[in-house]
There are 2 protein chains.
Amino acid sequence: MKSNQITIKDIARELDISPSTVSRALKDHPDISPKTKKQVRELAEKLNYQPNSIALSLRSSKSNTIGVVIPQVVHFFFSTIISGIEDIAYAAGYSVMVAQSNESYDREVMDTKALFNNRVDGILVSMSRETTDYAHLEFLHNRGIPMVFYDRVCDSIDCSKVVVDDFDGGYRATKHLIEQGYKRIAHLAGPHSLHMFRQRLDGYKKALQEHGLPIDESLILPENASDDENVAKELTERLLNLDERPDAIFANNDIAALGAMITIKEHGLKVPSDIGIVGFSNWRFTALTEPTITTVAQPGFEMGQEAARLLIEAIEAKDDEVITSVTKVLKTELVVRGSSVK
Amino acid sequence: MKSNQITIKDIARELDISPSTVSRALKDHPDISPKTKKQVRELAEKLNYQPNSIALSLRSSKSNTIGVVIPQVVHFFFSTIISGIEDIAYAAGYSVMVAQSNESYDREVMDTKALFNNRVDGILVSMSRETTDYAHLEFLHNRGIPMVFYDRVCDSIDCSKVVVDDFDGGYRATKHLIEQGYKRIAHLAGPHSLHMFRQRLDGYKKALQEHGLPIDESLILPENASDDENVAKELTERLLNLDERPDAIFANNDIAALGAMITIKEHGLKVPSDIGIVGFSNWRFTALTEPTITTVAQPGFEMGQEAARLLIEAIEAKDDEVITSVTKVLKTELVVRGSSVK
DNA sequence: CTGAAAGCGCTAACAG
DNA sequence: CTGTTAGCGCTTTCAG
């Protein structure tokens, strides 16, 4: 199907003027006479002329497109981030190209390459879980293409980053439980290799210390409870069978929290009156009407917005401007629904 | 930051041959001598030459990009669709440009226009809830730009479509309840204006009839229970207070199902032993470990894949080929978790 | 005030 | 086998 694009030439021919005049008239260049401008604009309107953005991109070597590399689209947190990115990008006149790594390193390498080849003006990236080699990202960075990391950042590359304050989140979640009267708060860990989980654990410990509660290592289960519900259940089972069982559980995500909740109920105990739960919400709970679990909501939308803002700023900076890399740390929000009080 | 793109010219200059020779060598044109090819390829490799896809697009008037207009990104069903689209597009060498209408008609108009101006090769669209005027879509269609609708389709435009078989879903969900022994199945409706909800209701009725059960209008609540949990609760309340209360509930989405479940429990009744629930899962339940509720899962990933496949097929069809519009109807999947038997 | 020409990076006739 | 030329649609000097 041949698309009969109206071009600047068509208008020129019709009006018997030169293409350059049309171009100028269209962008309201002061040199052009009001009369010509009017004619051109009217004809353009009539023919429904739309500038060919590809030609523009080629000429200006600017595509007005930003690339987003994302580990998974089907994920509450990440989809929220996309939404935030889209929000800002759209308002600033940029299109958003999304490439999903599916948590695969190889795919991430291909994706960054593809986006680069598509000449995006800048790129937002959150690394896959597998990624430990940063050559593909360093390549882009060295190429001078503006880049901003969000959530899963790469420390060794000097560019702006947006992250969540997980320490603070872990701290506040725990503090909340303490203030509700819980005293023996267990901690279901996430994968220890990831920075954010260690941060949350540290926040948890700080809150305990601050309130004069002991850090009981038997309540801190190091196994990763946040990927498999059954693991979470097993670990909770173990906690409940302790001589001195916990009266609250800190879960690193929804899978862990849900597994814990189910097991607790199976034991005939009640949430939150017998055992309180606070869960980080990276997926389910934000959507879930579960008033018994206090959730730590991740600021996905804000993260997307902030990352897009920083990227666009970097893209639009004049060549001689010095862009200083900043790292934005966003706070989580503690969502207490209904009566989650002990 | 000036990006020093390596171009075909650079290679030509270095090797003291013409750009066209380089171009040909790079695409393994038979005319070029093996020696030249080798030289060119090696230098290209060494300089890390990457063809400028914008120049290619301009020349071929093909961008290898497909546009996706989506009502909401942060939605389990829709994000799954994006994932399916991305999957197919990536494999076929296309990039995906995502534009979110946020269920706004105006925004949808802007989005389609923006994608069009970005010269996407084709467009996948699911209409916003507000959309009742199709001029913007007809415009694209008349322009000859390949277009495929998914989920929220526009009947008046002749192009391929991918939809869910809601009648079948409603039918099977109801049938399942009946086979579990439930006899008085209530129906919490969705917004009556939307086709899919009427379809499900029809499926529900057919299942009842087929099994010789009466269609009791007092059990079919016409109010839209699927947007507001409180409405769902109220309606369930009303159902439970009937002289002959239902022994099962058909909910049109997770909000309705969840509201129903909570209310049922508040009445001291048990799900599913006292009252069974089947819920369409457009958001929460797919993610929710709720073994007491049977869910009708929407085939989002397949829908995205199928839509992308149809679109790419249309894009890549030769000009003289006749593309016949097809409408793919995808089946839902009934997910029975744990013991949802009465 | 307007036009001619060059060029963004690439490819494809058309000529050797 | 390889080079020259023209052109995709647009902007922007440079000349009038």
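Tabulated data
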quantity: Condition check for B:Leu235: within 30 Å of B:Thr131 (Cβ to Cβ), open to solvent by less than 10 Å² (accessible area, probe 1.4 Å) and over 26 Å from the mean Cα position of the chain (by Cα); calculated: yes
quantity: So A:Gly190, is it farther than 30 Å from A:Ser325 by Cβ and in a loop (DSSP other than H, G, I, E, B); calculated: no
quantity: Filtered residues of the stretch B:13-50 (kept if within 8 Å of DNA strand C (Cβ to nearest atom), in contact (Cβ under 8 Å) with a residue 12 or more places away in the chain and assigned to a loop (DSSP other than H, G, I, E, B)); calculated: B:Tyr49, B:Gln50
quantity: Residue count, the stretch B:18-32 (criterion: within 10 Å of DNA strand D (Cβ to nearest atom) and open to solvent by 50 Å² or more (accessible area, probe 1.4 Å)); calculated: 6
quantity: Positions within the stretch B:77-117 being surrounded by fewer than 22 Cβ atoms within 10 Å (Cβ to Cβ) and farther than 22 Å from A:Ser101 by Cα, in sequence order; calculated: B:Asn102, B:Glu103, B:Ser104, B:Tyr105, B:Asp106, B:Arg107, B:Val109, B:Met110, B:Lys113, B:Ala114, B:Phe116, B:Asn117
quantity: Out of A:Ala89, A:Ala44, A:Ala99, A:Ala135, sole residue that is more than 9 Å from chain B (Cβ to nearest Cβ) and within 16 Å of the chain's Cα centre (by Cα); calculated: A:Ala89
quantity: Residue that is nearest to A:Glu266 (Cα to Cα) [pool: residues in the stretch A:212-232 that are within 26 Å of the chain's Cα centre (by Cα) and among the polar types (S, T, N, Q)]; calculated: A:Ser226
quantity: Enumeration of residues in the stretch A:125-141 that are part of a helix (DSSP H, G or I) and open to solvent by less than 10 Å² (accessible area, probe 1.4 Å); calculated: A:Leu137, A:Leu140
quantity: Yes/no for B:Asp111 being more than 9 Å from DNA strand C (Cβ to nearest atom) and either in contact with a strand residue (DSSP E or B) (Cβ under 9 Å, 6 or more places away or on another chain) or closer than 28 Å to A:Ile88 by Cβ (or both); calculated: yes
quantity: Residue check for A:Asp10: without any contact (Cβ under 8 Å) to a residue 40 or more places away in the chain, more than 9 Å from chain B (Cβ to nearest Cβ) and either within 12 Å of DNA strand C (Cβ to nearest atom) or touching a Cys at 6+ places or on another chain (Cβ under 6 Å) (or both); calculated: no
quantity: Single residue of A:Asp319, A:Asp228 found to be assigned by TED's automatic domain parsing to the domain that holds A:Asp87 and modelled with pLDDT under 90; calculated: A:Asp319
quantity: Candidates A:Val74, A:Val69, filtered to the one that is more than 9 Å from DNA strand C (Cβ to nearest atom) and in contact with a strand residue (DSSP E or B) (Cβ under 6 Å, 6 or more places away or on another chain); calculated: A:Val69
quantity: Filter result for the condition that a residue is open to solvent by less than 30 Å² (accessible area, probe 1.4 Å), in contact (Cβ under 8 Å) with a residue 24 or more places away in the chain and more than 17 Å from A:Met97 (Cα to Cα), over A:Gly144, A:Gly169, A:Gly122; calculated: A:Gly169
quantity: Enumeration of residues in the stretch B:182-194 that are open to solvent by 20 Å² or more (accessible area, probe 1.4 Å) and touching a strand residue (DSSP E or B) at 6+ places or on another chain (Cβ under 9 Å); calculated: B:Lys183, B:Arg184
quantity: Qualifying residue in the stretch A:55-62 (condition: in contact (Cβ under 8 Å) with a residue 24 or more places away in the chain, hydrophobic (A, V, I, L, M, F, W, C), on the phi < 0 side of the Ramachandran plot and at the interface with another protein chain (Cβ under 9 Å from one of its Cβ atoms)); calculated: no
quantity: Any hit, the stretch A:16-29, residues being more than 9 Å from chain B (Cβ to nearest Cβ), under 20 Å from B:Lys62 (Cβ atoms) and modelled with pLDDT of 90 or more; calculated: no
quantity: Members of the stretch B:51-74 that are open to solvent by 30 Å² or more (accessible area, probe 1.4 Å) and either more than 20 Å from A:Ser57 (Cβ to Cβ) or part of a helix (DSSP H, G or I) (or both); calculated: B:Ala55, B:Leu56, B:Leu58, B:Arg59, B:Ser60, B:Gln72, B:Val74
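So that you can scan it fast, the table gives a plain yes or no per residue for (1) modelled with pLDDT of 90 or more; (2) open to solvent by 10 Å² or more (accessible area, probe 1.4 Å); (3) in contact with a helix residue (DSSP H, G or I) (Cβ under 7 Å, 6 or more places away or on another chain):
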| position | (1), (2), (3) |
| --- | --- |
| A:Ala257 | no, no, no |
| A:Ile275 | yes, no, yes |
| A:Trp283 | no, yes, yes |
| A:Thr294 | no, no, yes |
| A:Gly300 | yes, no, yes |
| A:Arg309 | yes, yes, yes |
| A:Glu313 | yes, yes, no |
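The values are calculated or read from the model by the stated rules, or taken from the named source; none is laboratory data. Predicted, not measured: the structure shown is a model, and the values here were computed from it. We place every Cβ from the backbone using ideal geometry, glycine too, and count neighbours over all the protein chains shown. The accessibility values were calculated without ligands, DNA or RNA, using every heavy atom of the protein model including side chains. Shrake-Rupley method; radii C 1.70, N 1.55, O 1.52, S 1.80 Å.
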